[in-house]
Amino acid sequence: MAAKLPGLPWGYSLKGLSKRLSERLFISVSAAAAVTCAVIMALLLMQTNRTRVQLQNDGVVEFNFVQQLDHNFDGVSIAALSLVVERAERAQTPQPLTSDSDLVRRFDVLYSSTRLLGDESIGSLMEMPATPATLEAITTFIAENDIKIAPGSVLSDVELREIAAEGQGIAHEVYELGLLMYQRKSQLRDEVSARMNWLSRASWFFGGTFFIAGLTLYMLLTRASRRAGRLFHQAHSSQRQLETALEELTTGDIQRKSQNRFLAAATHDLRQPLQAMQYYIAALEPHIANEKGHEILGKVGRSTEAAQGLLTSLLDISKLDAGVLEPATVSVDLDALLVRLHDDYLAEAQDRGIELSIEATGVVVQTDPQFLERILVNLLSNAINHTEAGSVSIDVDSTRSDSEVSISVKDTGVGIPEHELEAIFNEYYQVPDEGSLSASDGNLRQGMGLGLSIVKRLTRLIQVPLEVSSRIGRGTRFTITLPVAVNAGDAAVPQVTKQAVSGDGLDGLYIMIIDDDPSVRDGVTTLLKQRGCNVLVSSGIEEALDTLVESESMPDLILADYQLLNGATGVEAIERVRDEVNEEVPAIVVTGDTSPDRLREARERGHGLLHKPVGSAALFEVIRNTVHGAPDLDNDTPESLTNGRAATRSV
Amino acid sequence: MYLLWGAAVCEGVDAGNRLRWRIVACASIFALLLVASPTQANSSPTGEVLLVVDGAINPGGAYADSAEDQCKALGFDMAMLKAMPQHEVATTTPWDEGLRRFSGVRISDLFEAVGAESSTFLARGVDDYQAEFSGVDVDKYPVIVALEEDGAPISVRNLGPLRIIFPFDDHPELLTNNNKAIAVWQLIHMTVRK
């Protein structure tokens, strides 16, 4: 497939390169950001955990413990001293202590507050160097005085003063412990505070990196998803192609395809000299003096037209095989079509001495009007051409079913042997006994048997069954069966006659012509100028771009020959011009090439398509449709089909 | 004597007048301690007063014609506390070894009895420790003033005789630093806040 694409301009590969580069950049940035994120996250977790443990091990209980212990030692000391003072004031001798006495109560309270000594609730106090000594002093004090300060014991003033002094001393030690603890907690707080600052900054950094990682990841994912979408699309179309190929293999289309390639090439080569020949014949006419000469020239002219008709048929086959035609199903008034067919073919039938019988029935069918007409035209033309005497008729039978109607084209011609009923739909099939008729120029086309192969393709496209029955020497009957229109009210009358081309829609258009053939260029320019168009003429891409810059105007339409000099193509030229003006300017590709791939390419790019030789009417119509938009975007269909019919009739 | 550490706040007393405040407080406590009217056996302490409740309270019912009603300070001895509905809380605490069974009066019951205007109060212990008891839903959680530990009265050396106990084991969410700070032991005084 790639080999068939036109060479991409330099800019495309650069774009591709930068795309790939930016993708790599995205991946690196995303990966780096993700790794940074992970590292910061790990650090954050570690540091947070460290702080958590520190705070857990450094509770507030120690403060309370120290404060209470200090207070309770003071309490015992003061109670002891108070007892001494009280005795002195009352001049009492030492009395035994009671359970009510303040000293006993104070000592009990002190005792209860030391019960947590060494417990883990004093936390970090235990880590301080002074703690063990202080704790030992406290334990000793409690143990010694537990016996002394008890109900019933008598304490001397000296003993009481001793207790008070010891208690004061320990209270002081505990106080110093508290001061140490304060300092230590301050340091810890500084440490935690500094770490929290760091954590805060790291969190911000983490947030930033996380955002970058997320963003790049999102972009990568979007890209990946787009690419996946493209791949899916490609896979889908590959599958379709495969299906088509398989179908072609099973139906024998693949053989036709190879023939088709040859046809396309032959048509291309034949069309150019044929066009020239028609010009020369026209030019020759005034130079012929006698009647005989004119007669011969007339025959030459008709032969040329016949050849042209043949080429058009070949083109039709090419297009049908390329699959560029798509049926549009509407309600079709059969009568209007049949009447027109009758009118069109009556003269030809009379010339040959055949009776033509086409009956109106008032039936409305559901199908593509142009395809149906083309089928009937080919069948009718085929019937007339193969009938020497008798009649050709079109019968419409709507009685067999409510939903279907069958249309038969019947002749009393030579007939087809039963074993060849299948073969007649192949291209180049010849009725064996018709050799005697081939002298007539009209049979050049018949000899090729393209009409029926076109019919076969068309019926397959609109999915209509085609039957044939024949008896040698009696005649042949072709029958197609169509669905009846559900809603017959809005039946479309097939528009076969082209709309008369008027100047409307063309006047004042700015048209850029790119063609390497000067004669074609001049001819088209003259035609368009007559219609009031402004024309920019150039022979190739570079000249077109130069002209564009000089004229400083935006073309309404680009008309480009497909085959330009130096291997450039019209499609490429259109792209370059569009790039230059940065606008999707409507474009028409003119080609003498009927290869399905070319047709498909132009169609896929949305360009209009014209086939050489280009008639002026066709040219104007396609221009008008392309610029102003036509209901039927496939500008190709009416043109060639109609041309095909016209060519047939003119024979 | 140590009961004097407890302070009773009387309505109508100028809080700024510390001298007068002290006199009234002392008077009320001595009255609680010493005056034991036989006709008011239900509402007045006969034994040693273990707990004084004052502040924003509205004594009524059993305490309605208390001699100290005007002063709005109520003293409780062990018998009065025992006479109230008893509630048992079996729990471990950060300050005791192993699982203990505490029993005593629910703070919500106590406050209902004294007509407390809020469940916030200043709790004070024998060792002069004091803490503002607040932020605990005492109606939801059975927080008690424990009178007994494992079926026996609690000694001062064992953080008694009264002690605020939280059901830490049944409600682990209660084990916060704040609650540890307000689980006052050797409780002797509660001043109810408005």
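The values are calculated or read from the model by the stated rules, or taken from the named source; none is laboratory data. Not measured: the values here are computed from a predicted model. FYI the Cβ positions are ideal-geometry reconstructions off the backbone, even for glycines, and counts take in every protein chain you see.
Tabulated results
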item	result
Residue identified as modelled with pLDDT under 85, surrounded by 15 or more Cβ atoms within 10 Å (Cβ to Cβ) and either under 30 Å from A:Ser553 (Cα atoms) or more than 39 Å from the chain's Cα centre (by Cα) (or both) among A:Leu450, A:Leu421, A:Leu461	A:Leu450
Which numbered condition B:Ile154 fails, given (1) within 24 Å of A:Leu69 (Cβ to Cβ); (2) out of contact with any Pro (no Cβ under 6 Å at 6 or more places or on another chain)	(2)
Residue among A:Gly207, A:Gly229, A:Gly169, A:Gly152 that is assigned by TED's automatic domain parsing to the domain that holds A:Arg87 and not in a helix (DSSP H, G or I)	A:Gly152
Residue count, the stretch B:150-187 (criterion: within 11 Å of chain A (Cβ to nearest Cβ), among the aliphatic types (A, V, I, L, M) and closer than 17 Å to B:Val53 by Cβ)	0
Of the criteria (1) part of a helix (DSSP H, G or I); (2) of a type in the set (A, V, I, L, M, F, W, C); (3) within 14 Å of another protein chain (Cβ to nearest Cβ), which one A:Phe141 fails	(3)
Scan of the stretch B:111-141 for residues that are more than 18 Å from B:Asn179 (Cβ to Cβ), away from chain A (no Cβ under 14 Å) and crowded, with 20+ Cβ neighbours inside 10 Å, ordered by number	B:Ala113, B:Val114, B:Ala116
Subset of the stretch B:97-139 [touching a residue at least 24 places away in the same chain (Cβ under 8 Å), over 29 Å from B:Gly60 (Cβ atoms) and not aliphatic (A, V, I, L, M)]	B:Arg100, B:Arg101, B:Asp127, B:Asp128, B:Tyr129
Looking only at the stretch A:48-72, and only at residues there that are among the charged types (D, E, K, R) and modelled with pLDDT of 85 or more, the one that is nearest to A:Arg115 (Cα to Cα)	A:Asp70
Single condition B:Arg100 does not satisfy, out of (1) under 25 Å from B:Arg157 (Cα atoms); (2) loosely packed, with under 14 Cβ neighbours inside 10 Å; (3) in contact with an Asp or Glu (Cβ under 8 Å, 6 or more places away or on another chain)	(2)
Test: residue in the stretch A:586-599 that is of a type outside the set (Lys, Arg), under 18 Å from A:Leu325 (Cα atoms) and at pLDDT 85 or above	yes
Residue that is assigned by TED's automatic domain parsing to the domain that holds A:Arg471, buried (at least 21 other Cβ atoms within 10 Å of the Cβ) and polar (S, T, N, Q), where the choices are A:Gln366, A:Gln370	A:Gln370
Condition check for A:Leu376: in contact with a Pro (Cβ under 9 Å, 6 or more places away or on another chain), aliphatic (A, V, I, L, M) and either modelled with pLDDT of 85 or more or in a loop (DSSP other than H, G, I, E, B) (or both)	no
Yes/no for A:Leu297 being in a helix (DSSP H, G or I) and not assigned by TED's automatic domain parsing to the domain that holds A:Asn385	yes
Test: residue in the stretch B:161-181 that is in a strand (DSSP E or B) and among the small types (Gly, Ala, Ser)	no
Residue in the stretch A:40-62 that is farthest from the other protein chains (Cβ to nearest Cβ), counting only those that are surrounded by 15 or more Cβ atoms within 10 Å (Cβ to Cβ) and either in contact with a Ser or Thr (Cβ under 8 Å, 6 or more places away or on another chain) or of a type in the set (D, E, K, R) (or both)	A:Ile40
Count of residues meeting criterion [of a type outside the set (Lys, Arg) and surrounded by fewer than 17 Cβ atoms within 10 Å (Cβ to Cβ)] in the stretch A:524-539	5
From the options A:Val174, A:Val158, residue that is in contact with a helix residue (DSSP H, G or I) (Cβ under 6 Å, 6 or more places away or on another chain) and either among the aliphatic types (A, V, I, L, M) or surrounded by 16 or more Cβ atoms within 10 Å (Cβ to Cβ) (or both)	A:Val174
Scope the stretch A:63-119; condition within 11 Å of chain B (Cβ to nearest Cβ), within 20 Å of A:Ala130 (Cα to Cα) and not in a helix (DSSP H, G or I); matching residues	A:Asp119
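So that you can scan it fast, the table gives a plain yes or no per residue for (1) in contact with a strand residue (DSSP E or B) (Cβ under 6 Å, 6 or more places away or on another chain); (2) surrounded by 13 or more Cβ atoms within 10 Å (Cβ to Cβ); (3) of a type in the set (S, T, N, Q); (4) at pLDDT below 75:
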| site | (1), (2), (3), (4) |
| --- | --- |
| A:Gly208 | no, yes, no, no |
| A:Tyr218 | no, no, no, no |
| A:Glu247 | no, no, no, no |
| A:Gly252 | no, no, no, yes |
| A:Ser258 | no, no, yes, yes |
| A:Phe262 | no, no, no, yes |
| A:Gln272 | no, yes, yes, yes |
